[in-house]
Amino acid sequence: MENKEIYLSDNELEAFKKYKESHDKLFKDRVIQQFFENKKHVKLLVGCRNGDAACMQQLEETFRKYFFEYRFIKYLAGTIRFYTIELLRNQQKYKQRNPLIYDSPASDQGEATLGELMQSSRTDQPSSLSYTSNPCLMAASFTNDDLTAVFEALSGKQRLVATLAYGLRYQDNEIAKILKVSPQAISKSRNKALETIRGSLAGKGVK
């Protein structure tokens, strides 16, 4: 059923205008203002003023439902805002307590991160070498001898995971499928490899 457009007669508009003027404080309330933006509600109010009991009952019921929805929406908006702020705070705390190893400084003496060092230390080899799954070719593509030595000192699993992650840009879940282990195991192995590299390079004073 289509909603019919509601029209207000000149008499109804005038009656509503006088009511607003005589109840100036009431109509400063935003809830009341928004409620009477609906012409149907205005028509019901005018009917009430003319002594129509049915209009009075319908107006009360309509406003009760409207006010409930208004308060419920306001409550939801407040709840969403609260949990959004709480989520952002928790994420910030997590980042502060658990900084990404890949983004951490390669040493205390320089500003370069481990990720930048590993990427910038790649030689201009053909794509088959620059993006390789072979740890030996990965190590051979480094121009930094210290980085090469540290990389080669990693365990076989750590070298393979690091190669897949930073040689082929695979995600942990993708590497996990290839090696048939859990993503958590891959993440642990990758982070351990980066920790080892960072510790060794820091000891060598690599910037």
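The values are calculated or read from the model by the stated rules, or taken from the named source; none is laboratory data. Predicted model, so just to flag it, every value in this text is computed and none were measured. Quick reminder, even Gly has a Cβ in these numbers, built from the backbone with ideal geometry, and neighbours come from all protein chains shown. Ligands, DNA and RNA are excluded from the accessible area calculation, which covers all protein heavy atoms including side chains. Shrake-Rupley method; radii C 1.70, N 1.55, O 1.52, S 1.80 Å.
In the full protein assembly as shown, how much of residue 151 is accessible to a 1.4 Å probe, in Å² to the nearest 10?
Its accessible surface works out to 0 Å², give or take rounding.
Leaving ligands, DNA and RNA out of it, work out the accessible area of residue 9 with a 1.4 Å probe and give it in Å² to the nearest 10.
50 Å²
With every protein chain left in place and a probe of 1.4 Å, what is the accessible surface of residue 61, to the nearest 10 Å²?
Number for this one is 80 Å².
Under a Cβ-Cβ cut-off of 14 Å, what is the net charge of the residues other than residue 14 that fall near it, where Lys and Arg count +1 and Asp and Glu count -1?
Overall, the nearby charge balance is +2.
Pairs 43/74; 17/74; 18/40: which exceed 22 Å Cα-Cα?
Check vs 22 Å cut-off fails for 43/74; 17/74.
May I ask you to give the solvent-accessible area per residue for the range 33-81, in square angstrom, as obtained with a 1.4 angstrom probe?
77 Å²
Counting only heavy atoms of the protein chains, get the accessible area per residue of the range 154-205 (1.4 Å probe) and round it to a whole Å² value.
Accessible area per residue: 52 Å².
Let a ≥ b ≥ c be the square roots of the eigenvalues of the Cα gyration tensor of the range 1-52; is it rounded (a/c under 1.5), or, if not, prolate (a/b larger than b/c) or oblate? Let's see the in-between values first.
Numbers: a/c = 2.10, a/b = 1.34, b/c = 1.57.
The shape class here is oblate.
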